[in-house]
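Below is one structure; the comments refer to it alone.
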Amino acid sequence: MAAATEGSEVVIAGMGGQGAQLIGKLLAELLMPHYRHVTWFPVLSPFMRGSPTECTVVFSQEEISSPIVDNPAAAVVMDQYSFDLYVEKMAPGSALIMDASIIKEEVKRDDIRVLEVPATEMARELGSEQAANFVLLGVYLKAEEVLPMETVLQGLSEKLRQDGKEKFMELNAGALRKGWELVS
C-alpha cells in the first residue's frame, strides 16, 4: 500500500443489480486486515433491481467518527443518476471513476481527477456485462493505491469459495485485472 496508508473513503453508487453493494462489501472485507478501522455503510432503496443504491467504505488507522461522507475522496459511479448526484459533491483533488459506457456527460470540473472507463463494454468483451463493477473496482484500487492486486485476488478467491461461487472467479479476476491495467 502506498497512497492510502493512513486511510480514505470511497462512495460506490449505481442502480440495483449493477453490483455496487457487492464490490463495496468485498472492498471493506479486504481492507480489514490492513486498517484498524473499516466501515461499510450501505444505502438501499426499497426496490432491488433498477433503483438507486450506494455504499460508502471508510478505512483508517484512526477511529472513524462517522460512516457518512459528504465530500468523498473517491467515488465510483456506474450510472447517470449517481454521476449527477456525486460530480458536484466530490472534494477537490478527489477521484471520480465513472463507467463511460453508460455515462456520456462531460465533467466540467477541473479540480478533480476523472477516470472515464468503458467498464460495461470491457466486461462484455470478457464475457458478461455484470463484471463491469469489477473493472471499476480494479481502476479504483490501482488509481488510489489501496491494496496490491495479489491481496485483492486472494481475498476474492476466498470470498467466492466461501459463498460457493467459484465459477465466477475467472471472469471477476479478469475484470479486476483489466481495470487495474488501465491505470498508469
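FYI, it's all coordinate maths here, none of it is from the lab. This is a predicted model, so every value here is computed, not measured. Cβ atoms come from the backbone with ideal geometry, glycine included; neighbour counts cover every protein chain shown.
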Sorting 161, 124 on the 10 Å Cβ count, fewest up front, what's the list?
161, 124
Solvent-free Debye scattering, log10 I(q)/I(0), computed from the Cα coordinates of the chain at q = 0.14, 0.18 Å⁻¹
-0.70, -1.24
Dividing the alpha-carbon radius of gyration of the range 91-184 by 2.2 N^0.38 Å, where N counts its residues, gives 1.13
Phi-based couplings in Hz for the range 14-23 (Karplus 6.51, -1.76, 1.60; Gly and Pro marked x)
x, 9, x, x, 8, x, 4, 5, 4, 6
What are the ³J(HN,Hα) couplings of the range 133-139, residue after residue, when phi is run through the Karplus curve with 6.51, -1.76, 1.60 and θ = phi - 60°? Round to Hz, x for glycine and proline.
4, 6, 4, 5, 4, x, 4
So what is the calculated 222 nm ellipticity per residue for the chain, using -39500 (n - 2.57) for each DSSP H run with n of 4 or more, over all residues, to the nearest 500 deg cm²/dmol?
-11000 deg cm²/dmol
Gyration tensor (Cα only) of the range 1-108 to equivalent ellipsoid, semi-axes in Å sorted down, yields 23, 17, 12
Starting from the Cα-Cα distance between residue 106 and residue 158, subtract it from 0.36 nm times their residue separation and give me the gain in nm to one decimal.
14.9 nm
Antiparallel DSSP beta bridges within the chain, as percent of all bridges there, nearest 5
60
Check residue 101: other-chain or 5+ apart residues with amide H under 5 Å from its amide H, H built from backbone geometry?
119, 120, 121
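If we count other beta carbons within 10 Å of each Cβ, what is the order of 69, 11, fewest first?
The most exposed by this proxy come first: 69, 11.
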Taking the Cα-to-Cβ direction at residue 44 and at residue 88 and moving 7 Å from each Cα, how far apart do the two end points lie in nm?
3.0
DSSP loop GluC sites (Glu not before Pro) in the range 78-184 with at most 16 other Cβ atoms within 10 Å of their Cβ, which ones?
88, 105, 106, 145
